[in-house]
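Participant: Just passing along the structure, written as structure tokens.
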């Protein structure tokens, strides 16, 4: 009897944390508000964050993959639920996605995102951006 209650409580907890399937299936259009990168040069002052031109892209989820469509190019991300820990302020209804050197965190409640590009082979290709999305 107690085991059934614990299992039910665990299932309810998991359902409250995981993003709803309908939120992941609807296409979204996202726009960067800020995009900066570390462009290293010969002068030390050039190692400061440099603004990049903001872009707009679409996100579509299907078959366990998230597809990012930007400027006629499609990139595929593997995603999972971003599980909050007690000492972190991770959104409760968010997914985290990875594609090679790209990392993407999407808050499905606020429809906002943060994207990072981290390439250990090219330190000049370090970039961070954030912005908002809207459902189509």
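The values are calculated or read from the model by the stated rules, or taken from the named source; none is laboratory data. All of these numbers come straight from a predicted model, not from anything done at the bench. Cβ placement follows ideal geometry from the backbone for every residue including glycine, while neighbour counts extend to all protein chains displayed.
Participant: Being outside any strand (DSSP E or B), farther than 21 Å from residue 29 by Cα, in contact with a helix residue (DSSP H, G or I) (Cβ under 6 Å, 6 or more places away or on another chain) and at pLDDT below 80 narrows it down to one residue among 40, 90; which is it?
Facilitator: Answer to the selection: 40.
Per-residue answers, yes or no, for (1) surrounded by fewer than 16 Cβ atoms within 10 Å (Cβ to Cβ); (2) at pLDDT 80 or above; (3) in contact with a helix residue (DSSP H, G or I) (Cβ under 7 Å, 6 or more places away or on another chain):
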| residue | (1), (2), (3) |
| --- | --- |
| 3 | yes, no, no |
| 10 | yes, no, no |
| 14 | yes, no, no |
| 27 | yes, yes, no |
| 32 | no, yes, no |
| 36 | yes, yes, no |
| 74 | yes, yes, no |
| 79 | no, yes, no |
| 86 | yes, no, no |
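Participant: Is there a residue in the range 123-132 that is touching a helix residue (DSSP H, G or I) at 6+ places or on another chain (Cβ under 9 Å) and either surrounded by fewer than 16 Cβ atoms within 10 Å (Cβ to Cβ) or at pLDDT 90 or above (or both)?
Facilitator: No, there is no match, as no residue in the range 123-132 is touching a helix residue (DSSP H, G or I) at 6+ places or on another chain (Cβ under 9 Å) and either surrounded by fewer than 16 Cβ atoms within 10 Å (Cβ to Cβ) or at pLDDT 90 or above (or both).
Participant: Do we have any residue at all in the range 105-113 that's under 20 Å from residue 53 (Cα atoms) and outside any strand (DSSP E or B)?
Facilitator: No.
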